[in-house]
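Quick note: the coordinates plus some simple rules give every number you see, no bench work behind them. Since the structure is predicted, the reported quantities are computational estimates derived from the model, not experimental observations. Positions of Cβ are generated from backbone atoms using ideal geometry, with glycine treated the same way; all protein chains shown enter the neighbour counts.
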């Protein structure tokens, strides 16, 4: 059984997130993993859907990906470009396989050590741009980007991010390491684009961090409020979670 | 009754076109005009929807606009920026009012002499980019852009475009004047962007012209097949209509 690693992009707007959700054994929601499972089993000509596609990251409802990574096994050898083209022909138009590589049979998209890069797009127009409503978060209030730039480095390093975890978080530890946190300003598009890299992120962590950063930019929080939030370990204090529509899983790096 | 002219942008993906369609007096489809009528009458606090919003161009299902022009009357004077903000608060997120001007009471968005600019975006990737599926037409076959560049000038001028009118066309004459027809290549985005300007266009004319131009680029038609198509006046000969998703009403110029 050859194992394949694929890089997958998807528009998250019409999905209930990445991960298959079953209720009484029935998939009731349209998910990215569910569509991938269907296509891979169809390509393998499996009468029963025996192959399970494993993803690196369980993106939420409405969250997009430019570079989700998945792995799966096929019962026979197919050339990687044949796998890519075959799956793209079978998949719905809101998912695309960007590339396929054959990998060792012990490669695991989620458990192999990796780092992730996410981007978050914020539209700063006074009203929502119709063409961006599914693809950005929208923040129409006063923003001083210089204040955000001062706050961003406070995220870098190994910290306990308990204040930045949504209540659904069930991980053993809330300590995570962030290696990159920066912002780019696109004046022509009236957009701010955040980039975050780290070994792993808690449930909703990036959307909560963006919420805090926007409140720093707006003046509702102290420039270095992130230092205080990390110290207090209290999820009640980071109030605003930026919407899923602005978040993109951009790239996953493996060792 | 002051009259207002507004420039409107919309994402056409979730609309059954611009124009209200009624069946037995009931609006069964979601249309741009229907949403604008609702918002304007709500702002005017009309118990019955007495105000009708008039649009310059009846864009089709799935066609987008950056610069549709509409006019409407309000029963009382409101400052133009108040009209813009008020309507944007009331409208759904796939429509936005970009600007509002007060105009003379005889201004008419459709009947006043004007010219229109449309753009058509073609994605040339081998499979549909998930983020562009609603916002471009997709042409995955071989394209020689130099051939298209040679064919484009054949459209310029006053011609009988009968071969380029969809069967739904019911205008008295199929003679139209095109003043601009060009193409830009965006290699990074793997896109071709056509721009067309003219006094008026027949039903589906631009989508049929783009279809012919892509077939010229693909080598399935002679470089100067447009000259022949204009002469034969036969709508059967221009086979392929490019999809609505790539078409944008970009700007309307009034005298």
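Kindly list the residues of segment B:181-215 that lie in the label zone of residue B:149, defined by a backbone N under 12 Å from the point 7 Å along the Cα-to-C-beta vector. B:183-185, by backbone N distance to the label point.
Stretched out straight at 0.36 nm per residue, the stretch from residue B:170 to residue B:46 would grow longer than its current Cα-Cα span by 41.1 nm.
Helix A:32-43 and the long axis of chain A differ in direction by around 20°, with both axes built from C-alpha atoms. Result for chain B in a Gaussian network model with C-alpha springs under 10 Å: among B:212, B:175, B:32, the largest mean-square fluctuation is at B:175. Each copy carries a label point for residue A:48 at 7 Å from Cα toward Cβ; from one copy, the others' points are 6.6 nm away, ordered from shortest. Can you tell me the orientation of helix A:80-90 relative to chain A, as the angle in degrees between its alpha-carbon axis and the longest Cα principal axis, to the nearest 10? The angle comes out at about 80 degrees. Taking every DSSP beta bridge with both residues inside chain A, roughly what % is antiparallel (nearest 5)? Just about 90 percent of them are antiparallel. Distance from the Cα centroid of segment A:1-44 to that of segment B:194-216 is 39 Å (rounded to whole angstrom). Mind running the shape call on segment A:20-150? Use the C-alpha gyration tensor, a ≥ b ≥ c as the square roots of the eigenvalues: rounded below 1.5 for a/c, prolate if a/b tops b/c, oblate otherwise. Prolate. Using only the Cα atoms of segment A:77-158, build the gyration tensor, take square roots of its eigenvalues as a ≥ b ≥ c, and label the shape rounded, prolate or oblate: rounded if a/c is under 1.5, else prolate if a/b is larger than b/c, else oblate. Verdict is oblate for segment A:77-158. Taking only alpha carbon atoms, segment B:73-232 gives an Rg to Rh ratio of 1.06, where Rh is the Kirkwood radius. Annotation: for a label point projected 7 angstrom from Cα along Cα→Cβ of residue B:30, residues of segment A:104-134 with backbone N closer than 17 Å are A:128-134. Once the Kirkwood radius over Cα pairs is known for segment A:161-255, the Stokes-Einstein relation at 4 °C and 1.567 mPa s delivers a diffusion coefficient of 91 µm²/s. Which of the three applies to the protein assembly as shown, rounded, prolate or oblate, going by the alpha-carbon gyration tensor with a ≥ b ≥ c and a/c under 1.5 meaning rounded? Verdict is oblate for the protein assembly as shown. Placing a label point 7 Å from the Cα of residue B:166 along the Cα-to-Cβ direction, the distances to the matching points in the other copies come to 4.0 nm, shortest first. Any idea what angle helix A:205-218 forms with the longest principal axis of chain A, computed on alpha-carbon atoms, 0 to 90 degrees, nearest 10? Relative to chain A, helix A:205-218 is tipped by roughly 30 degrees.
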